[in-house]
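Before any comments, here is the structure.
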Amino acid sequence: MRLSLAPIPYFWPAERVRAFYEQAAGWPVDVVCLGETVCGKRLALGLEDWLEIGARLEAAGKSVVLATQALIEAESELARMERLCRNGRFLVEANDLGAVHTLAEVGVPFVAGPHLNVYNAATLALIAGLGARRWVPPVELPGRVLARVLEGRPEGLEVEVTAYGRLALAFSARCFTARADNVPKDACGLRCREDPEGRLMETQDGRPLFVANGVQIQSAAPCNLAGELETLRAMGVDLLRVVPDASTTEAAVAILAEAVSGRRDPADAAEALAALRPGIGACNGYWHGGAGLEWRAAPAAPSGP
Amino acid sequence: MRAPELVCPAGTLPALRAAVEHGADAVYVGLRGATNARNFPGLNLTPRELARGVEEAHAAGARVFLALNTYPGPDEWPEAVAAVDAAAEAGVDALIAADPGLLAHARARHPELALHLSVQGSATHRRAIAFFHERLGVRRVVLPRVLSLSQVRRLVARLPVEVEVFAFGSLCVMVEGRCMLSSYVTGESPNRCGVCSPARAVRWEEGPEGRSVRLNGVLVERFAPGEAAGYPVLCKGRFRVGGQVYHAIEAPTSLSVLDILPELVRAGVAALKVEGRQRSPAYVAQVTRVLREALDACLADPEGFRPDPAWVAALDRVAEGATHTLGALDRPWM
């Protein structure tokens, strides 16, 4: 099993993004997925910049993927998506069916991203037939259902499961960061740049629940599937995906890498990951078929004789 | 000017009759079970009721669409496929679906059955719509409630398929088909289970701070004494962000396009949809009647059209939060 980095979900200044990937070049991840997937107004980096960052990562031995925006509305966003699909250099992660349509027309293999609604073998076969060579299932898909979908796994299709990081739960035309500051979206001034990890949304009795990240809502608790490592491996999952944030990603990658290579017990790795966000913890409820926010601790390893 | 079809919801046969009687051009229904996005107890039709509903509606000159708009997993696949067959057998005028695999199946097995893309299909731009049209034979798309009026106008002008837009009803703030807020908190989402914020997860509590409502234990809203208490959907709750407690996503409100009806008609939308298969026959009758009257008035004199205050009041009375918005159709809402 290998590790991958999902695109950075937040709007960071260009220098911060470049510094992040300079660091990541030395991390034990095999695949790095780049690009702006959340908001079409976040244009600090254009396609040429992403291609350049990708080239550096490739030189460092990483396999590079460029992701398309999840919710496309404006013609300008559509044009950027089309350009990205025709970049001619790196594999593309399609995050809506319009991107799938274009990539199939171009005739290049692609990654079916987590924002495509692939919930069954028929849809998976359809997308694979159009050129998907890797699939990132929707985050709400339970492990048991994933196993059943993979009973009819198209030949050669890799599977990449989101194993650590805050989950993308919803997208809107409305910007929740602009709303928080009481300004219209059209005059947002890109204020999400001030929130390197989004804005925490708590319930009125103080429970961290969601994170507002521009037009996206994330889970406050990061997903944590380290404890399910053996099940994931037995299922034939090829890649474990880490969703970047501003504070825990390097440590999370190190912990997962140790667990994947067998140097760390999965239950211990799960605990170490959960400790990265004190007061918020972690969630793995989706994997177990329950509410996404639930946390079920892995059963303790059997004690010695 | 082409008259858009008025498409109204029905969760039961009495609601279907109410819609037809009060001027719906088409009625959309679901089959009992997890195959549609309004999978609520006591709601939706059996295959036999569907056949009866189609017969009655056709006799009255109205069309019937079957919504089969969840994303079936392997466990639900046989039920979904059976529902496609039931739709064809009952002679519905179109199947409204979102799952690409299921649309492909329906097209192969029942090539005569017209396919509409559900709002749950999340097709928000012309390339995504082209995917469903060119590869899966979809003839009509229901647009997610994330586009501005000018974006809708441009799409209609450029698309080779019919466009249906929401005209009235509860407002989804998120792009439909891509919202997991409900499953994150309760385990059940519109995509997988056909429900949002399921009633079984709702708990009301009276306390010194007022009336609280929780969803699977998570506090969604706290109402002051005397404050109107609405159903706890996560996107309409009050949360604390940066020290402020407010409707961080959206306040309880309904979508209503009465104010821009002539613009939508002039844009060439093929159909106007009313949300609410979970609502009562009385609601369906009331909303259908008002929209029929408004649409007829608009078609008769688009230049002089002004929403009658009586219509607005009648709709607000049954609206979530007793108020309305144009949602994303009006850019400042974003």
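Which ones in the stretch A:96-117 are touching a residue at least 40 places away in the same chain (Cβ under 8 Å) and within 8 Å of chain B (Cβ to nearest Cβ)? Before the answer, list the steps.
Start the filter on the stretch A:96-117 by keeping residues that are touching a residue at least 40 places away in the same chain (Cβ under 8 Å), which leaves A:111, A:113-115.
Matches in the stretch A:96-117: A:HIS115 only.
For the stretch A:167-206, name all the residues that are in contact with a Lys or Arg (Cβ under 9 Å, 6 or more places away or on another chain), of a type in the set (A, V, I, L, M, F, W, C) and loosely packed, with under 15 Cβ neighbours inside 10 Å.
A:VAL183
Restricting to the stretch A:61-88, count the residues that are within 18 Å of the chain's Cα centre (by Cα) and of a type in the set (D, E, K, R).
So the count comes out to 1.
Going residue by residue through the stretch B:48-56, is there one that turns out to be touching a helix residue (DSSP H, G or I) at 6+ places or on another chain (Cβ under 9 Å), at the interface with chain A (Cβ under 8 Å from one of its Cβ atoms), modelled with pLDDT of 95 or more and not in a loop (DSSP other than H, G, I, E, B)?
No.
Filter the stretch B:83-103 down to the residues that are in contact with a Leu (Cβ under 6 Å, 6 or more places away or on another chain) and either within 7 Å of chain A (Cβ to nearest Cβ) or basic (Lys, Arg) (or both), then identify the one that is surrounded by the most Cβ atoms within 10 Å (Cβ to Cβ).
Of all residues in the stretch B:83-103, those in contact with a Leu (Cβ under 6 Å, 6 or more places away or on another chain) come to B:83, B:87-88, B:90, B:92, B:95, B:97, B:100-101, B:103.
Imposing the further condition that a residue be either within 7 Å of chain A (Cβ to nearest Cβ) or basic (Lys, Arg) (or both) reduces the set to B:100-101.
Values: B:PRO100: 29, B:GLY101: 24.
Among residues in the stretch B:83-103 that are in contact with a Leu (Cβ under 6 Å, 6 or more places away or on another chain) and either within 7 Å of chain A (Cβ to nearest Cβ) or basic (Lys, Arg) (or both), the one surrounded by the most Cβ atoms within 10 Å (Cβ to Cβ) is B:PRO100.
Considering only residues that are more than 8 Å from every other protein chain (Cβ to nearest Cβ) and either farther than 15 Å from B:ARG277 by Cβ or part of a loop (DSSP other than H, G, I, E, B) (or both), which ones fall in the stretch B:169-179? Step through it out loud before you land on a result.
Taking the stretch B:169-179 as the starting set, the residues that turn out to be more than 8 Å from every other protein chain (Cβ to nearest Cβ) are B:169-172, B:176.
Within the stretch B:169-179, B:LEU171, B:CYS172, B:GLU176 meet the criteria.
Would you mind listing the helices (runs of 4 or more DSSP H) fully within the stretch B:180-276 where at least 3 residues are more than 10 Å from chain A (Cβ to nearest Cβ)?
On the way: elements: B:181-186, B:190-193, B:261-267.
Once the helices (runs of 4 or more DSSP H) in the stretch B:180-276 are filtered for at least 3 residues that are more than 10 Å from chain A (Cβ to nearest Cβ), what remains is B:261-267.
When you go through A:ALA44, A:ALA70 one by one, which is the residue that is assigned to a loop (DSSP other than H, G, I, E, B) and away from chain B (no Cβ under 14 Å)? Reasoning before the result, please.
Working: A:ALA70 fails: away from chain B (no Cβ under 14 Å).
Every option except A:ALA44 fails the conditions.
Residue check: is B:VAL141 away from chain A (no Cβ under 14 Å), under 30 Å from A:CYS175 (Cβ atoms) and either in a strand (DSSP E or B) or modelled with pLDDT of 95 or more (or both)?
Working: away from chain A (no Cβ under 14 Å): no; under 30 Å from A:CYS175 (Cβ atoms): yes; either in a strand (DSSP E or B) or modelled with pLDDT of 95 or more (or both): yes.
So B:VAL141 does not fit the description; no.
Per-residue answers, yes or no, for (1) within 14 Å of chain B (Cβ to nearest Cβ); (2) hydrophobic (A, V, I, L, M, F, W, C); (3) under 30 Å from B:VAL119 (Cα atoms); (4) in contact (Cβ under 8 Å) with a residue 12 or more places away in the chain:
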position: A:ALA14; (1), (2), (3), (4): no, yes, no, yes
position: A:GLY40; (1), (2), (3), (4): yes, no, yes, yes
position: A:ARG56; (1), (2), (3), (4): no, no, no, yes
position: A:ALA94; (1), (2), (3), (4): yes, yes, yes, yes
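The values are calculated or read from the model by the stated rules, or taken from the named source; none is laboratory data. Quick caveat, the model's predicted, so the values are computed rather than measured. Reconstructed Cβ throughout: ideal geometry from the backbone, glycine too, with neighbour counts over all protein chains shown.
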